[in-house]
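Peer 1: The following block contains the structure, expressed as structure tokens.
The values are calculated or read from the model by the stated rules, or taken from the named source; none is laboratory data. All values reported here derive from a predicted model rather than from experimental measurement. Heads up, the Cβs are rebuilt from the backbone with ideal geometry, glycines too, and the neighbour counts pull from every protein chain shown. Ligands, DNA and RNA are stripped out before the accessible areas are found, and what is left, the full protein with its side chains, is counted by its heavy atoms. Shrake-Rupley method; radii C 1.70, N 1.55, O 1.52, S 1.80 Å.
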Amino acid sequence: MGVKFNREYNEIIEELTDALLDIEGCHDIFEMSVEDWTQMKKRDRRELIKTLSDDLFYGLGADAFIELGDSMITYHKENHTITISYPVKPTVTIPLI
């Protein structure tokens, strides 16, 4: 299936990375403790999440709903968007076109 987009891929990944960094418990996917995660340099955390963003982008092509930490990442094929729904923060919408 795949995720259809026509914006610059790097722009989409940067926005997705920013949104994923706001997810409470995003470090759990790396099997890291909160202490280990917070001790990492901000730059290193961002690079790790950027790699995850790339993987999730392609994963959304096969499964339109992916749960991460306390949030839900959803690919909306009909709207050409990805949304990140947090439990207590406003939803982030990333346009793909």
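Peer 1: Assigning unit charges at the beta carbon (Lys, Arg +1; Asp, Glu -1) and nothing else, what dipole magnitude in debye, to the nearest 20, does region 1-78 show about its Cα centre?
Peer 2: On the way: 9 positive and 19 negative charges, 60 e Å.
Rounded to the nearest 20 debye, it is 300 debye.
Peer 1: Report the number of Lys pairs in the chain whose alpha-carbons are under 25 Å apart, with separation of 8 or more residues or on distinct chains.
Peer 2: Close lysine pairs found across the chain: 9.
Peer 1: Within region 15-88, which trypsin sites (Lys or Arg not before Pro) sit in a loop by DSSP and count at most 15 neighbouring Cβ atoms inside 10 Å? List each step's numbers first, then the result.
Peer 2: Working: sites: LYS41, LYS42, ARG43, ARG45, ARG46, LYS50, LYS77; in loops: LYS41, LYS77.
Loop-located and lightly packed - LYS41, LYS77.
Peer 1: State, to one decimal in nm, how far the label point of ASP22 lies from the label point of THR83, with both points 7 Å from Cα in the Cβ direction.
Peer 2: Taking the two extended label points, one gets 1.4 nm.
Peer 1: Whenever you get a sec, compute what percent of the accessible area on region 1-59 sits on carbon and sulfur atoms (1.4 Å probe). Don't skip to the answer; put the middle values down first.
Peer 2: Working: 1770 of 3830 Å².
Ligands and nucleic acids excluded, carbon and sulfur reach 46 percent.
Peer 1: Calculate, for PHE30 and THR91, the FRET efficiency according to 1/(1 + (r/R0)^6) with r their C-beta to C-beta distance and R0 22 Å; round to the nearest 0.05. Write down the numbers at each step before the final one.
Peer 2: Working: r = 24 Å, r/R0 = 1.10.
After rounding, the FRET efficiency stands at 0.35.
Peer 1: Determine the relative contact order of the chain: mean sequence separation of Cα pairs under 8 Å and six or more apart, normalised by residue count, in whole percent.
Peer 2: Values: 127 pairs, mean separation 33.0, N = 97.
Over the chain, the number comes to 34 percent.
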